[in-house]
Amino acid sequence: MSDKKATFQIAGQDPIELPIHSGTQGPDCVDVTGLYKNAGLFTYDPGFMSTGSCDSSITYIDGDKGILQYRGYPIEQLAQNSSFLEVSYLLMHGELPTQEQLSHYQERIMHYTLMNESLLRFFEGFHHDAHPMAMMSGVVSSLSAFYHDRVDIQNPEHRELSALRLIAKMPTIAAVSYKHNTGLPILYPRNDLSFTGNFLRMMFGTPCEDYVVDPLAERALDLLFILHADHEQNASTSTVRLAGSSGANPFAVIGAGIASLWGPAHGGANEAVLHMLAEIGSVDNIDKYIAKAKDKNDPFRLMGFGHRVYKNYDPRAKIIRKVCHEVLEKLADKNNPLFELAMRLEEIATNDEYFVKRGLYPNVDFYSGIIYRALGIPESMFTVMFAIGRTAGWVSHWMEMLDDPKHRIGRPRQLYKGEKARDYVPMDKR
Ligand code: CMC
């Protein structure tokens, strides 16, 4: 906290001093918590364009410079050197683990990969073509009906256990959703495999034969989990914090985060990108769709473009773009027409004044779908992949919030524009 202060004054009234807080990086914040008490005013900021909702030490983003750091480590270095499980440890605990800590953490996570058999039967209640995100948000919330033994959120050990259970069970729930959609038999987890290798086997393996994990697919997917693991106070993480601020059950809280992630403006964009590329169909149609995206009377937007925080190239998109080349090259999908179309679209849009002026660059979702597709993951599962990675961030924020002595129930105010008080009108007089 610094000694800097901002002065706020309504004409004709005494000025009010508002404290200014400085973080370790990034812009300062004006603290308006005392504004209502001292001036009788609320701040108004729909969409939280200028509002910070909490202190956090987990992730730092500089959207203008295209910087993303987890616990201070640049995403590029983590993408190059780390694994998803190591990154999830880092997000939760604040430091990179020693080998011993990582092995212990991995053992604990793998210990919790199984789902209660009764919970497995929940899937039978879903229609065969239920969207996997619908199943995932329902089933994750339902974990609260099974693991009520140690969910005292005031107890840090209980909190950590819930977090580990969530990270561990997400791939199992995701794979069972896929098997439900495809009518194939489920496979139970194999804890001698890596976190991501185990997921690939549960997704694509069958009981009829051994499944050999492809190291390239394993590395590419693990990298995508790393890149999606956290992104500070985005819509789903803020949902998790808000839902959790009331002291709600951790599994229900993450279920709420999953529901928020599903929207096409957030995690659902990766699925929407592939639908869009299929709709555009050919390089010849790009100009027509660019014109549609620029037309304010047309609801069409270039999916996978733009970001609330990044007004420069999304650093995650840069990493994914490179991996996309490698994956398509090695998985013999080099001439994938969707990838060619995506590259051409990116080239045209990033040189177009409309997009340049508004700082609209490809985001993480622009290329991730092409990699998922090359790995054989169907479109309906794309946002589920995002959710598996983001669970590490959600649980870290949930734990950080509960550890923060300043945390209170989240309760925004509103600018009321409805009717003033009026008398009830009986039915025969309306
Ligand atoms: N295509 C065309 N125009 C766009 C787009 C786009 N994808 N995104 C923003 N704009 C325009 C928008 O119309 C507005 O123009 P103007 O200033 O003339 O009114 C301007 O750019 C600013 O847009 P905004 O809607 O005020 O920006 P926002 O910060 O509220 O929205 C966004 C950010 C990500 C929701 C938006 O860019 C979008 O809808 N993108 C497409 C969906 C997408 O790819 N989402 C994934 C985000 S990254 C993954 C994640 O973290 O969830």
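Put simply, of 153, 167, 186 the only residue that is under 24 Å from residue 240 (Cα atoms) and part of a loop (DSSP other than H, G, I, E, B) is 153. Go over the candidates 252, 259, 272 one by one and state the one that is part of a helix (DSSP H, G or I), closer than 27 Å to residue 185 by Cα and either in contact with a strand residue (DSSP E or B) (Cβ under 6 Å, 6 or more places away or on another chain) or not acidic (Asp, Glu) (or both). Step by step, each of 252, 259, 272 is checked, and only 259 is part of a helix (DSSP H, G or I), closer than 27 Å to residue 185 by Cα and either in contact with a strand residue (DSSP E or B) (Cβ under 6 Å, 6 or more places away or on another chain) or not acidic (Asp, Glu) (or both). When 33, 7, 51 are checked against the criterion of being of a type outside the set (A, V, I, L, M), closer than 23 Å to residue 390 by Cβ and without any contact (Cβ under 8 Å) to a residue 40 or more places away in the chain, 51 stands alone in meeting it.
Yes/no per residue for (1) more than 16 Å from the ligand (Cβ to nearest atom); (2) polar (S, T, N, Q); (3) in contact with a His (Cβ under 8 Å, 6 or more places away or on another chain); (4) within 21 Å of residue 362 (Cα to Cα):
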{"residue": "201", "(1), (2), (3), (4)": "yes, no, no, no"}
{"residue": "221", "(1), (2), (3), (4)": "yes, no, no, yes"}
{"residue": "236", "(1), (2), (3), (4)": "no, yes, yes, yes"}
{"residue": "268", "(1), (2), (3), (4)": "no, no, no, yes"}
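Number of residues in the range 188-225 that are among the basic types (Lys, Arg) and within 22 Å of the chain's Cα centre (by Cα): the value is 1. Considering only residues that are more than 10 Å from the ligand (Cβ to nearest atom) and not aliphatic (A, V, I, L, M), look in the range 270-284 and name the one that is surrounded by the fewest Cβ atoms within 10 Å (Cβ to Cβ). Among residues in the range 270-284 that are more than 10 Å from the ligand (Cβ to nearest atom) and not aliphatic (A, V, I, L, M), the one surrounded by the fewest Cβ atoms within 10 Å (Cβ to Cβ) is 284. Within the range 100-128, the set of residues being of a type in the set (A, V, I, L, M) and under 24 Å from the mean Cα position of the chain (by Cα) comprises 102, 109, 110, 114, 115. Of all the numbered requirements in (1) out of contact with any helix residue (DSSP H, G or I) (no Cβ under 7 Å at 6 or more places or on another chain); (2) among the acidic types (Asp, Glu); (3) touching a residue at least 60 places away in the same chain (Cβ under 8 Å); (4) within 21 Å of residue 227 (Cβ to Cβ), residue 62 misses one, and that requirement is (3). Scanning the range 285-326 for residues that are of a type in the set (A, V, I, L, M) and either on the phi > 0 side of the Ramachandran plot or more than 12 Å from the ligand (Cβ to nearest atom) (or both) turns up 286, 319, 323. Of the conditions (1) surrounded by fewer than 24 Cβ atoms within 10 Å (Cβ to Cβ); (2) more than 11 Å from the ligand (Cβ to nearest atom), residue 355 fails just one. Which one is it? Only one criterion in (1) surrounded by fewer than 24 Cβ atoms within 10 Å (Cβ to Cβ); (2) more than 11 Å from the ligand (Cβ to nearest atom) is unmet by residue 355, namely (2). If you go through the range 32-72 and keep only what is of a type in the set (D, E, K, R) and either loosely packed, with under 13 Cβ neighbours inside 10 Å or under 24 Å from residue 4 (Cβ atoms) (or both), you end up with 37, 45, 55, 62, 64, 65. You will find that of 280, 286, the residue that is touching a helix residue (DSSP H, G or I) at 6+ places or on another chain (Cβ under 6 Å), more than 28 Å from residue 221 (Cα to Cα) and modelled with pLDDT of 90 or more is 286 and no other. For the range 386-402, state whether one or more residues are of a type outside the set (A, V, I, L, M), at pLDDT below 90, over 23 Å from residue 154 (Cβ atoms) and assigned to a helix (DSSP H, G or I). Taking every residue of the range 386-402 in turn, none turns out to be of a type outside the set (A, V, I, L, M), at pLDDT below 90, over 23 Å from residue 154 (Cβ atoms) and assigned to a helix (DSSP H, G or I).
The values are calculated or read from the model by the stated rules, or taken from the named source; none is laboratory data. Remember, it's a predicted structure, so these values are computed and weren't measured experimentally. With ideal geometry, Cβ positions are generated from the backbone for all residues, glycine too; neighbour counts draw on all protein chains shown.
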